[in-house]
Amino acid sequence: MRTMWKGAIRFGLVYIPIKLYTATENKDVRLRMLHKDCMAPVSYTRTCTKCGKAIQNEDIIKGYEYAPEQFVAISEEEIHDLQDDPDKSIEIVNFVNLNEIDPIYFEKSYFIGPDTGTAAKAYALLREAIESTNKIGIANIILRQKQHLAAIRSYGNGLIMETLYYPDEVRSVSAVPGIGEIAAPIEKKELNIAAQLIDQLTETFKPENYKDDYREKLEKLIADKVAGIKPEKKEPARKSKDVIDLLSALEASVKETKPKKRTARRRKTS
């Protein structure tokens, strides 16, 4: 596993050298853009929108568009000077309960590993303390020239850090069209049947039970085409039955998902 960041966790006066490793990976199948006549990849050149010239990397700077077609240049040095923590550390500012953070705030996960053998004891102490108190640490970190809020918690026999969105980065659900118009009263019978349906569909979460069906089909399509096998034509989707009302839909769903009873075998009598 490749290290993507190296620094330290600051926990009070404790300094723990650590490394970060990306905890997840994108398994999407990458399709290239091709010229259909030559079946060759399409390349893109960086050109200036004003003079039309091709631009080399050394001639490119960063800037912010503060008004239409009006920019102010921001240098790498100026960006670096804005960073409060030049020694690359994760500063834990406080501890909270995990259930106090709504999942909408979670962004990306990183495994935390000790950097050196001497850091192992302090690392193990922090992990054990977090796990025994059932708390998570809230920290600040700068990754790729951007400050992040992060949550540090125990995970298996190690630690994991999850970057969080700031409050102003999370949109309000009240902005969703139609949400404010939901005022229809819910019938008790409908609610009871809906709860019954949820109960019948409830089971222990096992990640291995779920898979990306689309990706598997795409990988098979690619393998078949490489092997010269003609793709199978997709059968037309079945039309769903028209449901008269919500109650009928709920009752039909409960009936469809209801576990089938096993018929007991009769014992033979001598």
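The values are calculated or read from the model by the stated rules, or taken from the named source; none is laboratory data. All values derive from a computational prediction rather than experimental measurement. Using ideal geometry, Cβ is built from the backbone for each residue, glycine included, and neighbour counts are taken over all protein chains shown.
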Among residues belonging to the stretch 225-270 that are surrounded by 11 or more Cβ atoms within 10 Å (Cβ to Cβ) and in a loop (DSSP other than H, G, I, E, B), point out the one that is modelled with the lowest pLDDT. VAL243
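Please tell me if ILE61 is surrounded by fewer than 11 Cβ atoms within 10 Å (Cβ to Cβ), touching a residue at least 12 places away in the same chain (Cβ under 8 Å), of a type in the set (Val, Ile, Thr) and more than 18 Å from LEU149 (Cβ to Cβ).
Details: surrounded by fewer than 11 Cβ atoms within 10 Å (Cβ to Cβ): yes; touching a residue at least 12 places away in the same chain (Cβ under 8 Å): yes; of a type in the set (Val, Ile, Thr): yes; more than 18 Å from LEU149 (Cβ to Cβ): yes.
When the stated conditions are applied, ILE61 passes them.
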Please pick out the residue among ARG153, ARG127 that is more than 20 Å from THR3 (Cβ to Cβ) and of a type outside the set (A, V, I, L, M, F, W, C). ARG153
Name the pairs whose Cβ atoms lie under 7 Å apart, with the first residue in the stretch 190-206 and in contact (Cβ under 8 Å) with a residue 12 or more places away in the chain and among the small types (Gly, Ala, Ser), the second surrounded by 10 or more Cβ atoms within 10 Å (Cβ to Cβ) and not in a loop (DSSP other than H, G, I, E, B), and 6 or more positions between them or separate chains? ALA194/LEU250
Does any residue of the stretch 199-217 turn out to be more than 30 Å from ASN26 (Cα to Cα), surrounded by fewer than 11 Cβ atoms within 10 Å (Cβ to Cβ) and modelled with pLDDT of 80 or more? yes
Considering every residue within the stretch 8-23, establish whether at least one is of a type outside the set (Ser, Thr, Tyr) and farther than 30 Å from ARG127 by Cβ. no
Among the residues of the stretch 34-49, are any surrounded by 10 or more Cβ atoms within 10 Å (Cβ to Cβ), within 24 Å of the chain's Cα centre (by Cα), of a type in the set (S, T, N, Q) and more than 30 Å from LYS220 (Cα to Cα)? no
GLU78 versus (1) surrounded by 10 or more Cβ atoms within 10 Å (Cβ to Cβ); (2) modelled with pLDDT of 90 or more: which is the lone unmet condition? (2)
What residue, among those in the stretch 143-185 that are loosely packed, with under 10 Cβ neighbours inside 10 Å and of a type in the set (Ser, Thr, Tyr), is modelled with the highest pLDDT? SER172
Hey, ALA8 hits all of (1) loosely packed, with under 10 Cβ neighbours inside 10 Å; (2) among the hydrophobic types (A, V, I, L, M, F, W, C); (3) within 30 Å of TYR155 (Cα to Cα) but one; which does it fall short on? (1)
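In this structure, is LYS19 basic (Lys, Arg), in contact (Cβ under 8 Å) with a residue 12 or more places away in the chain and either exposed (fewer than 11 other Cβ atoms within 10 Å of the Cβ) or closer than 30 Å to ASN94 by Cα (or both)? I'd like the intermediate steps shown before the answer.
Details: basic (Lys, Arg): yes; in contact (Cβ under 8 Å) with a residue 12 or more places away in the chain: yes; either exposed (fewer than 11 other Cβ atoms within 10 Å of the Cβ) or closer than 30 Å to ASN94 by Cα (or both): yes.
So LYS19 passes the test.
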